[in-house]
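Working notes, beginning with the structure itself.
The values are calculated or read from the model by the stated rules, or taken from the named source; none is laboratory data. Treat the numbers as computed from the prediction; the structure is a model and nothing was measured. Heads up, the Cβs are rebuilt from the backbone with ideal geometry, glycines too, and the neighbour counts pull from every protein chain shown. Calculation scope for accessible area: heavy atoms of the full protein, side chains included, ligands and nucleic acids excluded. Shrake-Rupley method; radii C 1.70, N 1.55, O 1.52, S 1.80 Å.
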Amino acid sequence: VLQGYAAEMDNPLMAHLISPELQNKKDILFGNMEEIYHFHNRIFLRELENYIEYPELVGRCFLDQMKDFQIYEKYCQNKPRSESLWRQFSDSVFFQECQRKLDHKLSLDSYLLKPVQRITKYQLLLKEMLKYSKNCEGAEDLQEALTSILGILKAVNDSMHQIAITGYDGNLNELGKLLMQGSFNVWTDHKKGHSKVKDLARFKPMQRHLFLHEKAVLFCKKREENGEGYEKAPSYSYKHSLNMAAVGITENVKGDAKKFEIWYNAREEVYIIQAPTPEVKATWVNEIRKVLT
């Protein structure tokens, strides 16, 4: 792909086949695939080869390189832009000619999906290895490697949701690390509100997608998009946020094991939040408690 497509975009002999709108768009189309390729070719593959005789110790190899695996996050974040560009130009003569020269049965988009498939496959391979490595020397490293890869997958997934937030006028990066995101039923109970509003508010929950950052929690409304692939990924329109410095939490709301409360400015605003399951609630309550302490 890098030689037969990406490099060809810079080949003067192929220039006449490339439409003007596609020129200078190489970085959008391929993202940081080259970086991923060089990491595997120069570093990770060589490391793996050292363990051919000791496969049970391969967990160590993953742990040593774990920081480098974060390059996948960048690739996945760019993927929606890449896909929408591909859809515009998929029937371009340039791509057809490249495919013909390479004698590929599949078109370019199948290959652009490979890194996304690869990063999700590592955890399956590690799980499978763990199954057969229960009591051997490298089992702890394998387990730690699996946990780390799952952490990277969670970060990739969370960041894919975060880039879909619209209408937030500040800089999301200033809110610190994104810790959790998910959909909830939310009821509000505001001290300042009209009493009629309060009665209504208790009645029907709002569907909100929450993003918990180190410095703030964002409430967004999820909008499903129509379209194919990443295009039908939802977008989230920003509604409001609470500064974590002024947030308090009530872990148990009587009558429902899935509910907890987030309140603001000494209970001036109270949000009753219902998680899909008690387990999801527990995870969120723990994360929020960590931030608050």
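Taken over region 244-293, the criterion of being in contact with a Lys or Arg (Cβ under 7 Å, 6 or more places away or on another chain) and of a type in the set (Asp, Glu) is satisfied by GLU268 alone.
Being open to solvent by 50 Å² or more (accessible area, probe 1.4 Å) and assigned to a loop (DSSP other than H, G, I, E, B) is the filter here, so list the residues in region 125-142 that pass it.
Matches in region 125-142: TYR132, LYS134, ASN135, GLU137.
For region 18-43, a residue qualifies if it is surrounded by fewer than 16 Cβ atoms within 10 Å (Cβ to Cβ) and among the β-branched types (Val, Ile, Thr), and the qualifying residues are ILE28, ILE43. Taken across region 265-282, residues that are of a type in the set (Gly, Ala, Ser), under 30 Å from SER84 (Cβ atoms), touching a strand residue (DSSP E or B) at 6+ places or on another chain (Cβ under 7 Å) and buried (at least 16 other Cβ atoms within 10 Å of the Cβ) do not occur at all. Looking across region 29-59 at every residue that is aromatic (Phe, Trp, Tyr) and in a helix (DSSP H, G or I), the one that is farthest from LYS131 (Cα to Cα) is identified as PHE30.
Do the conditions hold for PHE62, that is, is it open to solvent by less than 30 Å² (accessible area, probe 1.4 Å), within 20 Å of GLU144 (Cα to Cα), part of a helix (DSSP H, G or I) and in the same structural domain as GLY151 (by the TED database)? Considered against the rule, which asks whether it is open to solvent by less than 30 Å² (accessible area, probe 1.4 Å), within 20 Å of GLU144 (Cα to Cα), part of a helix (DSSP H, G or I) and in the same structural domain as GLY151 (by the TED database), PHE62 comes out as yes.
Scanning for something open to solvent by 60 Å² or more (accessible area, probe 1.4 Å) and touching an Asp or Glu at 6+ places or on another chain (Cβ under 7 Å), does region 72-84 turn up at least one residue?
The answer is no; no qualifying residue exists.
As a summary of the residue check, TYR54 satisfies the conditions (1) open to solvent by 60 Å² or more (accessible area, probe 1.4 Å); (2) modelled with pLDDT of 95 or more except for the one numbered (2). Take the conditions (1) over 30 Å from TYR238 (Cβ atoms); (2) free of Cβ contacts under 8 Å to residues at least 24 places away in the same chain; GLU137 misses just one of them, which is (2). The set of residues from region 86-108 being at pLDDT 95 or above and among the acidic types (Asp, Glu) comprises GLU97, ASP103.
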